[in-house]
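Asks: Shown below is the structure under consideration.
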Amino acid sequence: MPEEQRQCGDCSLCCKVMKIPELQKPKDEWCPNFVRGRGCGIYADRPHSCQIFHCAWLTDLTMGPEWKPSVCKMVLVSKPGLLAVHIDPNANRPWRTEPYYAVLKRLAAQGQKNQTVVLVVDRRRNIAILPDRDVDLGYIDADARISFEIVNTATGPEWRLRVMGAGEVGG
């Protein structure tokens, strides 16, 4: 018997907060194919990026019902080295409220061990949540990347982050 599998159900927040390159749909705007109360109006023919997309709430069964995007107003996306937290632009910093902030801080501490950054994308601002502080990285171009390293200091390991432009080399 396969593991329990979650369904999107009434949630379509990814249709708003995620960029869909094939449709030239920008981040933080509703997809033109979204139909209120129904979801995707072209589900059978949706773009490849939509077909392969699964938010962390769908794939991580340890996340409770409070993490369903339609409830928390955040879409979490896990990739190697990154946990991106995409915020509904109509919500007022839900990532800073409890129980979410404490969990994101805990994930940041765990991420420090396996070099995974927790990055909040709130109204296109990028905020790195680190175990000891939050770092507002501002607006980051789509072709930029975040370089990070963990430096051992007298008080323990510390993240050092830097936004690098396209083609920029360094660590």
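Asks: Here's a check for you: in the stretch 88-118, which residue that is touching a Pro at 6+ places or on another chain (Cβ under 7 Å) and under 21 Å from L161 (Cα atoms) is surrounded by the fewest Cβ atoms within 10 Å (Cβ to Cβ)? Don't jump to the end; show me each part of the working.
Replies: Keep residues of the stretch 88-118 that are touching a Pro at 6+ places or on another chain (Cβ under 7 Å), which gives 100, 105, 108-109, 112.
When the remaining residues are screened for being under 21 Å from L161 (Cα atoms), the result is 105, 108-109, 112.
Details: K105: 16, A108: 22, A109: 14, Q112: 20.
That would be A109.
Asks: Taking the stretch 46-87 as the search range and keeping residues that are more than 14 Å from the chain's Cα centre (by Cα) and crowded, with 18+ Cβ neighbours inside 10 Å, which one is nearest to R6 (Cα to Cα)?
Replies: Among those that are more than 14 Å from the chain's Cα centre (by Cα) and crowded, with 18+ Cβ neighbours inside 10 Å, it is C50.
Asks: Would you please name the residue that is modelled with the lowest pLDDT, looking only at residues in the stretch 132-148 that are of a type in the set (V, I, T) and in a strand (DSSP E or B)?
Replies: Within the stretch 132-148, the subset of a type in the set (V, I, T) is 135, 140, 146.
Right, trim to in a strand (DSSP E or B) and you get 135, 146.
On the way: V135: 91, I146: 77.
Of everything passing the filter in the stretch 132-148, I146 is modelled with the lowest pLDDT.
Asks: A further question follows. Only helices (runs of 4 or more DSSP H) wholly contained in the stretch 33-79 count here; list those with 1 or more residues that are out of contact with any Lys or Arg (no Cβ under 7 Å at 6 or more places or on another chain) and within 11 Å of L13 (Cα to Cα). Spell out how you get there, then give the answer.
Replies: On the way: elements: 48-51, 56-59, 69-72.
By residue number, 69-72.
Asks: When you scan the stretch 3-14, do you find a residue that is under 16 Å from the mean Cα position of the chain (by Cα), surrounded by 11 or more Cβ atoms within 10 Å (Cβ to Cβ) and not in a loop (DSSP other than H, G, I, E, B), even just one?
Replies: yes
The values are calculated or read from the model by the stated rules, or taken from the named source; none is laboratory data. Quick caveat, the model's predicted, so the values are computed rather than measured. Counting neighbours? That spans all protein chains shown, and the Cβs are built from the backbone with ideal geometry, glycine included.
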